[in-house]
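*Asks:* Below is one structure. I have some questions about it.
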Amino acid sequence: MNRRGTLITYGTFDMFHIGHVNLLRRMSDIADHVVVGVSTDEFNAEKGKKTIIPYEDRIEILRACRYVDGAFAETCWEQKPDDIRREGADVFAMGDDWAGKFDDLRAFCDVLYLPRTPGVSTTMLKRIREDGDNLPGDL
């Protein structure tokens, strides 16, 4: 596959884990630049999600990741077309759990849905944390 210029993605990235790293690594293999919209705590609350790690920490973690060239606030669903134009994104990519949900963005750039890492998710980690269980050894 030919490398593309800029790839844009979005997420909460709460409890940053190996699944996040793997997805961002795959994205950096696709494009020369990866930019990430990080959902703010307020936007997550609107979506009915409660984060464990505050937005300010989550965005700094993303900015420190070697597979990420830039990160900015995601404050609403509707901002994506403007972000794609502002960042000059050639590709919009998300995990395949979102397959089909952002096909309307094909009007602005290519849209890809990439495979997730099996056996790990923030939802699973939160459940383990709430239950007080130890992390599974195969993570």
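Rule-based calculations on the coordinates, nothing more; no lab input. Keep in mind that what you see is a predicted model, and the values were worked out from it rather than measured. Counting neighbours? That spans all protein chains shown, and the Cβs are built from the backbone with ideal geometry, glycine included.
*Asks:* Taking the mean number of other Cβ atoms within 10 Å as a proxy for protection, how do you rank 18-30, 41-53, 104-116 from highest to lowest? All intermediate terms of the calculation are to be shown ahead of the outcome.
*Replies:* Working: 18-30: 17.9, 41-53: 13.4, 104-116: 15.2.
Peptide ranking by packing, descending: 18-30, 104-116, 41-53.
*Asks:* By per-residue mean of other Cβ atoms within 10 Å, what is the highest-first order of 76-84, 60-68?
*Replies:* Values: 76-84: 14.0, 60-68: 15.8.
Descending mean neighbour count gives 60-68, 76-84.
*Asks:* Let me ask something additional. Using a ≥ b ≥ c from the Cα gyration tensor of segment 47-103 (square roots of the eigenvalues), is it rounded, prolate or oblate, where a/c under 1.5 gives rounded and otherwise the larger of a/b and b/c decides, a/b for prolate?
*Replies:* Values: a/c = 1.58, a/b = 1.19, b/c = 1.32.
Oblate, because a/c is 1.5 or more while a/b does not exceed b/c.
*Asks:* Give the Kirkwood hydrodynamic radius (Å, one decimal) of segment 20-86, defined as one over the mean of 1/r across all pairs of different Cα atoms. Don't skip to the answer; put the middle values down first.
*Replies:* Working: mean 1/r = 0.0785 Å⁻¹.
Across segment 20-86, the inverse of the average 1/r is 12.7 Å.
*Asks:* Testing the spin-label approximation: label points 7 Å from Cα along Cα→Cβ at Asp96 and Ile18. State their distance in nm.
*Replies:* 1.9 nm
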